[in-house]
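Trainee: So that we are looking at the same thing, I have put the structure below in structure tokens.
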Amino acid sequence: MSQPDGDDLLLHELRNRLNLLGFALHAYRRERDPEHLDALEAAYEAVVAAVERLDAERREGRQERGPAPLPGP
């Protein structure tokens, strides 16, 4: 399996961070710790929006250039 690079690497890293934020948000909700919940939720929503925007821009760029070639053997 090949390692992601460029935009794919950035998307991969953002998705990983998004998952970590999601787990932390769930833990805070479970423990009912309101001290950091609002900030954590805002950060989570910001990451979701950033990933959606980056992914949409990436897909838009691909449509302009045509489909990406399939990787070779």
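Trainee: Which of the GluC sites (Glu not before Pro) found in the range 1-59 are loop residues per DSSP with 15 or fewer other Cβ atoms within 10 Å of their Cβ?
Mentor: Glu35
Trainee: Mind listing the phi-derived Karplus ³J(HN,Hα) values for the range 14-21, rounded to whole Hz, using 6.51, -1.76 and 1.60 with θ = phi - 60°, and x for any glycine or proline?
Mentor: Karplus-based 3J(HN,Hα) across the range 14-21 equals 5, 5, 4, 5, 4, 4, 4, 4 Hz.
Trainee: Can you tell me the length gained on complete extension of the stretch Asp8 to Arg58, counting 0.36 nm per residue apart and subtracting the Cα distance? Please list the in-between numbers first.
Mentor: On the way: separation 50, 0.36 × 50 = 18.00 nm, distance 0.92 nm.
My answer for the length gained is 17.1 nm.
Read-outs: derived from the displayed coordinates by stated rules, not from any lab. Note that the coordinates shown come from a computational prediction; the quantities given were computed from them, not determined experimentally. Every residue, glycine among them, receives a Cβ derived from its backbone with ideal geometry; neighbour counts consider all protein chains shown.
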